[in-house]
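Heads up, the thing below is written out as structure tokens.
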Amino acid sequence: MRKKPAISERCNEWALENLANEILGEIFKFLYPCDLLQLARTRKRTRSKLLTKSSQPWWKQARVNAEIPCGIRGMSEPALAHLLYDNFCSSCGEKCKQINFTGIQAFGGLKRWCNECIKELFSPAPPSIAEAALALMPKINAETQQKAAAVNSQVDKFMYLSAAIAYSNAMSEHELNSWLSKMQPEHRQEIEDAQNICNWHMANERKSAMAKYSMQADRLAAIISRLRLQGWGAEIDWMERWTSTTSGRHMPNLRKIRSVWQAKPLTERRE
């Protein structure tokens with residue numbers, strides 16, 4: 001008599017990574033890149049499945065669903081999704097919302113760098129570097145970095161990736177000219193593609209911030225309405241009159257209460 005397989009073995013037959021690619025394609029065609037990233041973190045085997053070459057059409061379809069522009073040359077679809085949806089510094093791993101640089105993949109392409117890592121990884125360019133080479137290097141505007149105040153912006157308002165400066169200095173003049181003639185045409189297209197990605201990211205951040213604020217404002221309005229029903233109407237009216245003359249924000253005292261100013265709807269449950 002054949003032994004009945006264990007429950008874990010029977011369930012494993014229907015595990016996501018064991019399904020046929022045709023079935024997975026039908027499931028994944030409705031997902032966004034952030035959904036695939038979450039799936040990749042559930043199990044090691046699922047992650048391995050989503051990082052194979054056969055998974056590229058799923059990531060591409062997810063990117064199209066989210067209306068994200070194409071990535072720059074040499075950047076895989078999972079890497080682009082990680083860049084856009086994971087708010088962590090590419091160097092130290094600390095939280096970092098800003099995508100700092102748009103540039104060629106030879107120097108790392110699109111990255112997130114926090115202010116502390118910018119101080120360590122970027123420096124003003126020496127006068128010996130040619131302008132054509134500087135145009136290809138990762139750079140940030142030193143004037144917009146609060147922690148880069150020590151940089152003399154009168155000399156150069158831009159800071160460049162130190163590794164890129166060292167890479168350029170290590171080449172002879174002939175090697176540098178040959179490298180520039182090869183990279184400049186590709187550079188123009190990569191800059192355009194990278195700028196499109198950054199524009200999408202900024203628009204998505206604004207959209208998310210507006211949606212969050214809308215949910216917070218709706219929750220505040222629901223709480224005020226509930227307080228009026230419970231007999232606090234006179235106090236609410238006084239607070240509204242007071243804030244209209246002393247503050248430009250609506251109900252700033254109520255906003256300071258953590259349980260009030262949240263991005264989630266108000267329910268009947270005690271929160």
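The values are calculated or read from the model by the stated rules, or taken from the named source; none is laboratory data. Only a predicted model underlies this, so the values are computations on that prediction, with no experimental measurement involved. Virtual Cβ from ideal backbone geometry, glycine too; neighbours counted across all protein chains shown.
Could you list all residues from segment 69-98 that are in contact with a Phe, Trp or Tyr (Cβ under 7 Å, 6 or more places away or on another chain) and either touching a residue at least 40 places away in the same chain (Cβ under 8 Å) or closer than 15 Å to TYR32 by Cβ (or both)?
Across segment 69-98, the qualifying residues are PRO69, GLU77, PRO78, ALA81.
Suppose we keep only residues that are surrounded by 10 or more Cβ atoms within 10 Å (Cβ to Cβ) and within 22 Å of SER208 (Cα to Cα) within segment 222-251. Which one would you say is modelled with the highest pLDDT?
That would be ALA222.
I'm trying to understand the selection: among the residues of segment 67-90, which are out of contact with any strand residue (DSSP E or B) (no Cβ under 6 Å at 6 or more places or on another chain), surrounded by 17 or more Cβ atoms within 10 Å (Cβ to Cβ) and farther than 23 Å from HIS187 by Cα?
TYR85
Which of the residues belonging to segment 18-46 are without any contact (Cβ under 8 Å) to a residue 40 or more places away in the chain, surrounded by 14 or more Cβ atoms within 10 Å (Cβ to Cβ) and within 24 Å of LEU84 (Cβ to Cβ)?
Listed by number, the residues that qualify are LEU24, GLY25, PHE28, LEU31, TYR32, ASP35, LEU39, ALA40, THR46.
Counting just the residues of segment 194-209 that are aliphatic (A, V, I, L, M) and without any contact (Cβ under 8 Å) to a residue 12 or more places away in the chain, which one comes out farthest from LEU136 (Cα to Cα)?
Within segment 194-209, the match that is farthest from LEU136 (Cα to Cα) is ALA209.
For the list (1) modelled with pLDDT of 80 or more; (2) within 29 Å of LEU37 (Cβ to Cβ), I need the number of the one condition that SER178 fails.
Just one mismatch for SER178, condition (2).
The rows are residues; the columns are (1) aromatic (Phe, Trp, Tyr); (2) buried (at least 18 other Cβ atoms within 10 Å of the Cβ); (3) touching a residue at least 40 places away in the same chain (Cβ under 8 Å).
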{"site": "LEU161", "(1), (2), (3)": "no, yes, yes"}
{"site": "ILE165", "(1), (2), (3)": "no, yes, yes"}
{"site": "MET171", "(1), (2), (3)": "no, no, no"}
{"site": "HIS174", "(1), (2), (3)": "no, no, no"}
{"site": "SER178", "(1), (2), (3)": "no, no, no"}
{"site": "LYS182", "(1), (2), (3)": "no, no, no"}
{"site": "GLN189", "(1), (2), (3)": "no, no, yes"}
{"site": "GLU192", "(1), (2), (3)": "no, no, no"}
